[in-house]
Amino acid sequence: MTIPLLDLGAQYRSCKKEIDAAIQGVLDSSQFIGGPALARFEEDFARACGTSRCLGVGSGTDALALILEALGVGPGDEVITVPNTFAGTTEPIRMVGASVRFIDVNPGTLLMDSEGLDAAIGAQTKAILPVHLYGQMADMDSILGVAGRRGIPVVEDAAQAHLASRGGRRAGSIGVAGAFSFYPGKNLGAYGDGGAVVTSDEDLADRVAMLSDHGRTEKYIHQIQGRNSRLDSLQAAILGAKLPFLEDWNRRRRRLADLYRSALSDRKGQVELVEEDEGSPVYHQFVIRVRDRDRVRESLASRGVMTGIHYPIPLHLQPAYRYLGHKEGDFPVSEQAAREVLSLPMDPEMTDASAARVLQALDEALRASVS
Ligand SMILES: *Cc1c(COP(=O)(O)O)cnc(C)c1O
């Protein structure tokens with residue numbers, strides 16, 4: 001029996017009744033774009049995040065692009081972010097015509113912090129884009145401290161951090177706006193693509209809504225040139241049916257993380273944990289660092305334990321970003337992390353017994369890799 005990284009089928013079976021009813025409701029209403037399912041989900045998700053507004057959009061990538069565009073970021077401007085993330089963080093910067101400027105991550109958390117941020121800010125810097133990777137939140141206080149002094153808006157990539165919090169504030173509610181992805185494997189996942197913008201800036205919310213709906217203010221008035229990026233009603237209904245379960249799912253992820261952490265704490269030197277310990281993370285991934293990563297991973301796979309690597313190549317070394325002219329050594333912390341990170345199975349449907357099996361297999365894999 002293999003233990004997968006994540007089992008979406010098991011999650012569906014656990015809330016099949018609610019999901020099936022939500023889908024049937026949309027089919028019966030035949031309202032496939034907009035309508036009550038979307039309005040209700042937007043209201044519920046805004047409340048859950050602690051913002052006054054939530055706008056459903058087509059994807060997490062679109063959510064970031066729409067925020068940047070609504071902030072007026074465009075050609076000639078620069079957005080600062082980190083190379084230790086998914087390409088969906090940086091694509092939106094290019095989508096609005098601005099350029100990407102990387103700074104390296106904190107060696108302990110692998111997240112953006114204020115180190116090197118001030119020095120990276122220039123006349124063209126129009127936004128700062130920290131990523132709450134793995135469901136752990138970047139040090140927003142220190143980032144906002146620097147950004148505030150320079151008058152630059154901070155946009156949160158919260159695509160992996162649904163309902164994570166730090167200092168009593170939820171992901172997406174701290175900067176000027178936050179972007180979420182509802183890609184199926186995220187902590188709150190749709191059955192297709194989807195995303196959301198959350199913000200308490202009413203003007204910004206109105207601009208995002210207009211941009212994502214063909215620039216319209218009324219049905220046949222196109223105020224500005226927008227585009228089509230919507231969260232459709234079926235996806236909104238599915239997400240609305242899942243949202244009441246999310247706190248429990250995140251609690252379950254924390255419990256599994258506790259089991260992993262306590263077993264691995266006496267493995268110092270062999271296994272390092274990647275943890276931000278000030279907030280309340282939601283463990284989109286549980287990430288460890290091991291020196292002999294690829295061998296340990298293979299050895300785990302041979303023992304039926306599936307793992308992931310988030311991410312094997314930092315963005316500045318990806319072919320798509322060759323145009324930035326970076327080379328190996330430019331962001332050493334991200335590069336070292338890419339060689340060492342390993343994501344263990346993390347799934348709210350996983351049992352404690354499965355977690356114990358993962359730990360047992362990891363123990364054997366580590367021993368095999370030493371000998
Ligand atoms: C998933 C993800 C995105 C992009 O979301 P999509 O919905 O796939 O477009 C952006 N940033 C991060 C960190 C992500 O994990």
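The values are calculated or read from the model by the stated rules, or taken from the named source; none is laboratory data. Predicted, not measured: the structure shown is a model, and the values here were computed from it. No Cβ is skipped: glycine too gets one built from the backbone with ideal geometry, and neighbour counts run over all protein chains shown. Just the protein is used for accessible areas: all its heavy atoms, side chains included, with ligands, DNA and RNA removed. Shrake-Rupley method; radii C 1.70, N 1.55, O 1.52, S 1.80 Å.
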Residues in the range 128-169 that are buried (at least 24 other Cβ atoms within 10 Å of the Cβ), part of a strand (DSSP E or B) and not β-branched (V, I, T) total 2
Find the residue count for the range 1-41, including only residues that are farther than 29 Å from A177 by Cα, open to solvent by less than 50 Å² (accessible area, probe 1.4 Å) and of a type in the set (G, A, S).
3
Please find, among G189, G97, the residue that is within 13 Å of the ligand (Cβ to nearest atom) and either touching a residue at least 40 places away in the same chain (Cβ under 8 Å) or closer than 21 Å to A209 by Cα (or both).
G189
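Would you mind finding the one in D113, D104, D62, D44 that is without any contact (Cβ under 8 Å) to a residue 60 or more places away in the chain and either surrounded by 19 or more Cβ atoms within 10 Å (Cβ to Cβ) or over 25 Å from L317 (Cβ atoms) (or both)?
On the way: D104 fails: without any contact (Cβ under 8 Å) to a residue 60 or more places away in the chain; D62 fails: without any contact (Cβ under 8 Å) to a residue 60 or more places away in the chain; D44 fails: without any contact (Cβ under 8 Å) to a residue 60 or more places away in the chain.
Going through D113, D104, D62, D44 in turn, just one is without any contact (Cβ under 8 Å) to a residue 60 or more places away in the chain and either surrounded by 19 or more Cβ atoms within 10 Å (Cβ to Cβ) or over 25 Å from L317 (Cβ atoms) (or both): D113.
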Residue list for the range 205-222, filter: surrounded by fewer than 21 Cβ atoms within 10 Å (Cβ to Cβ) and either of a type in the set (S, T, N, Q) or in a strand (DSSP E or B) (or both)
D213, R216, T217, E218, I221, H222
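Please verify whether the range 319-326 includes one or more residues that are closer than 26 Å to R254 by Cβ and at pLDDT 95 or above.
From the range 319-326, those closer than 26 Å to R254 by Cβ are none; that's our starting set.
Among the residues of the range 319-326, not one is closer than 26 Å to R254 by Cβ and at pLDDT 95 or above, which makes the answer no.
Is it true that E78 is over 17 Å from L234 (Cβ atoms) and open to solvent by 60 Å² or more (accessible area, probe 1.4 Å)? Before the answer, list the steps.
On the way: over 17 Å from L234 (Cβ atoms): yes; open to solvent by 60 Å² or more (accessible area, probe 1.4 Å): no.
The answer is no for E78.
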